[in-house]
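Visitor: Take a look at this one; I'll ask things after.
Laboratory data are not the source of any read-out in this text; all were calculated from the coordinates shown. Owing to the predicted nature of the structure, the values given are computational and were not obtained by experimental measurement. No Cβ is skipped: glycine too gets one built from the backbone with ideal geometry, and neighbour counts run over all protein chains shown.
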Amino acid sequence: MPELAVDIRGLWAFYNGTPVLEEINLEIETGKLVGILGPNGAGKSTLLKVILGLIAPGRGQVRVFGEVPRKLRHRGEVVGYLPQRPLSNPHFPVSVLDVVLMGRYGRVGLLRQPSRRDREIAIRNLERVGIPHLAARPIGEVSGGEQQRVFIARALCVEPRLLVLDEPTVSLDACAQDDVYDMVHRLKEELNLTVLMVSHDIGGVARHVDDIVCINRRIHVHQAPPIGRLGLESAFGCSVEYLFHGQIPHRVVKIHDD
Ligand code: ADP
């Protein structure tokens, strides 16, 4: 039996007393690339934040590599995280390399200057994501796809075992989305990572992941792709229409009742 990267039992999460996750049971084996799908407000980001130790479970038990997530967060070396909106100010006057180096702060501390080794690790991770030539460019001046690569390189700087990506392909065109998926898959293999990836892009996820988790407050489906209509409908809570690409749902469109 492979070691579990994530082991969640009977998890409930609440905001102001209102449940947003109910009775979540989820086991993710090490080495898997898992896509988490669900409509807006389904609790996907909340689930990631619980796994990252940023939100405490209201009820239930969560373990990441056998540890309580909050403890891992304080150690800062197990989980790499790409948040949904990593760049609050697109004109922030820092270079691509500076942004990647921020991934080392958990290790070096905010007040210490990054060492030569920190720089080497940052540059190696820029190489891994295919953009070492952009190191000196201001972060606001590189494209959306390149920015996602920068933030993935930053997440890799903690030298993680688990990489958590919240909407890594949002607002990218189809080619750039495929490039990001291919890169994530390659990084997973090269670095022996387990990867959790939230996405709205049902077709892209179905083509690239080992397992799909459909969530809408509860887990509706957890299986290997391809995923059928019923699983998606039960999670998305509406009738859905597919444009198929072989066996794979390529796009899901809500069918309006009116
Ligand atoms: P998703 O990532 O699937 O879009 P979220 O986990 O962000 O969903 O949100 C789940 C629900 O919790 C939504 O109804 C959202 O409005 C609510 N929510 C998220 N964050 C907070 C918060 N900090 N305070 C109160 N409600 C929140």
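Visitor: From the phi angles alone, apply the Karplus equation (6.51, -1.76, 1.60; θ = phi - 60°) to the stretch 18-35 and give each ³J(HN,Hα) in whole Hz, x where the residue is Gly or Pro.
Guide: Karplus values, whole Hz, x for Gly and Pro: 8, x, 10, 10, 10, 6, 7, 10, 8, 10, 10, 6, 4, x, 8, 10, 10, x.
Visitor: Between residue 192 and residue 15, what is the label-point separation in nm under the 7 Å Cα-to-beta-carbon projection?
Guide: Taking the simple label geometry, residue 15 and residue 192 are separated by 3.8 nm.
Visitor: Now for a different question. How would you classify the stretch 149-232 from its alpha-carbon gyration tensor, with a ≥ b ≥ c the square roots of the eigenvalues: rounded for a/c under 1.5, else prolate if a/b is greater than b/c, otherwise oblate? Mind dumping the intermediate values first?
Guide: Values: a/c = 1.91, a/b = 1.51, b/c = 1.26.
Taking the square roots of the gyration eigenvalues as a ≥ b ≥ c, the stretch 149-232 is prolate.
Visitor: Can you give the local net charge around residue 14? Use residues other than it whose beta-carbon is closer than 15 angstrom to its beta-carbon, Lys and Arg +1, Asp and Glu -1.
Guide: Details: positive: 49, 59, 217, 218; negative: 22, 23.
Neighbourhood net charge equals +2.
Visitor: Need the list of aspartates and glutamates near residue 71 for cross-linking: C-alpha distance under 18 angstrom, and skip anything on the same chain fewer than eight residues off.
Guide: 7, 159
Visitor: Let me ask something additional. Between residue 185 and residue 143, what length in nm is gained on full extension when 0.36 nm per residue of separation is reduced by their alpha carbon distance? Let's see the in-between values first.
Guide: On the way: separation 42, 0.36 × 42 = 15.12 nm, distance 2.13 nm.
Taking 0.36 nm per residue and subtracting the Cα distance, the gain is 13.0 nm.
Visitor: Under 13 Å from the Cβ of residue 35, count the other residues' Cβ atoms, weight Lys and Arg +1, Asp and Glu -1, and hand me the total.
Guide: Numbers: positive: 32, 44, 188, 207; negative: 166, 167, 201, 210, 211.
Net charge around residue 35: -1.
Visitor: Taking amide H atoms as placed 1.01 Å from N in the peptide plane, list the residues 5 or more away in sequence, or in a different chain, whose amide H sits under 5 Å from that of residue 6.
Guide: 28, 65
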